[in-house]
1. So which of ALA105, ALA138 ends up being closer than 23 Å to ILE6 by Cβ, of a type in the set (Gly, Ala, Ser) and at pLDDT 90 or above?
2. Looking for something under 21 Å from LEU116 (Cβ atoms), at pLDDT 95 or above and of a type in the set (S, T, N, Q) - is there at least one such residue anywhere in segment 1-22?
3. Could you identify the single residue in TYR95, TYR123, TYR159 that is hydroxyl-bearing (Ser, Thr, Tyr), in contact with a helix residue (DSSP H, G or I) (Cβ under 8 Å, 6 or more places away or on another chain) and at pLDDT below 95?
4. State whether the residues of segment 26-46 include one that is surrounded by fewer than 18 Cβ atoms within 10 Å (Cβ to Cβ), part of a loop (DSSP other than H, G, I, E, B), free of Cβ contacts under 8 Å to residues at least 40 places away in the same chain and not basic (Lys, Arg).
5. Residues that are surrounded by 14 or more Cβ atoms within 10 Å (Cβ to Cβ) and aliphatic (A, V, I, L, M): find the helices (runs of 4 or more DSSP H) completely inside segment 66-124 holding 3 or more of those.
6. Right, LYS161: in a helix (DSSP H, G or I) and basic (Lys, Arg) or not?
7. The conditions are (1) among the aliphatic types (A, V, I, L, M); (2) assigned to a helix (DSSP H, G or I); (3) at pLDDT below 95, and LEU58 fails exactly one of them. Which is it?
8. Filter segment 47-61 down to residues that are surrounded by 14 or more Cβ atoms within 10 Å (Cβ to Cβ) and of a type outside the set (A, V, I, L, M), then give me how many there are.
Amino acid sequence: MKAKKIDKDGLLLCELQGKTFEQSAAKTNCSSEIFIRRFMHSNIVNQIDNCSILSTNLQPADILSEVEGQYGESNYGSVKFSSNELFWIGYFYRYFCYTYSISSARAYKIIKPKELRGLFLPYHTMDVSQAIERVLEAKNLLMDEESELQRQYMIFKKYHKAIITSK
């Protein structure tokens with residue numbers, strides 16, 4: 001799977017999700033990690049994943065209400081990320097989902113919010129596409145098909161060589 005270029009719709013979605021995450025610090029009672037987990041598995045995120053939210057007039061506050069309406073209010077957890085960290089994490093996740101055509105739940109499974117928070121300082125000033133590439137490289141996850149086939153071929157060669165030398 002190869003990353004596609006970001007376009008106007010993708011940037012609008014990144015901005016919307018970034019602002020939603022940013023506002024979650026002040027408008028939700030649960031920890032940032034709990035909010036992000038709920039958001040990334042919510043019903044409303046499906047509308048963001050398939051871009052249909054762009055044909056609505058929903059704002060970040062509306063999205064926060066939708067998530068809270070689905071899961072209920074929670075005071076679980078106390079660690080709140082900074083609003084800058086939250087904006088970047090939300091933007092990062094959406095950019096990743098949009099350019100690699102993956103669901104929010106899959107992106108969440110690949111990289112957790114706590115890990116992204118740890119990458120905020122070194123990565124927040126670089127282009128988001130480069131930050132995503134570095135994260136995928138560090139996790140040894142090659143998202144383009146050609147690189148993945150090459151990786152699998154190298155594994156096959158090692159395995160095949162081990163079988164031959166053991167005979």
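1. Details: ALA138 fails: at pLDDT 90 or above.
Checking each option against the conditions leaves just ALA105.
2. Within segment 1-22 (the criterion being under 21 Å from LEU116 (Cβ atoms), at pLDDT 95 or above and of a type in the set (S, T, N, Q)), the answer is yes, since at least one residue qualifies.
3. One residue alone meets the criteria, TYR123.
4. So far as segment 26-46 goes, yes, one or more of its residues are surrounded by fewer than 18 Cβ atoms within 10 Å (Cβ to Cβ), part of a loop (DSSP other than H, G, I, E, B), free of Cβ contacts under 8 Å to residues at least 40 places away in the same chain and not basic (Lys, Arg).
5. Here the list reads 104-110.
6. So LYS161 passes the test.
7. Failing condition for LEU58: (2).
8. Total satisfying the criteria: 3.
The values are calculated or read from the model by the stated rules, or taken from the named source; none is laboratory data. Quick caveat, the model's predicted, so the values are computed rather than measured. Here the Cβ is made from the backbone with ideal geometry for all residues, glycine too, and neighbour counts use every protein chain on show.
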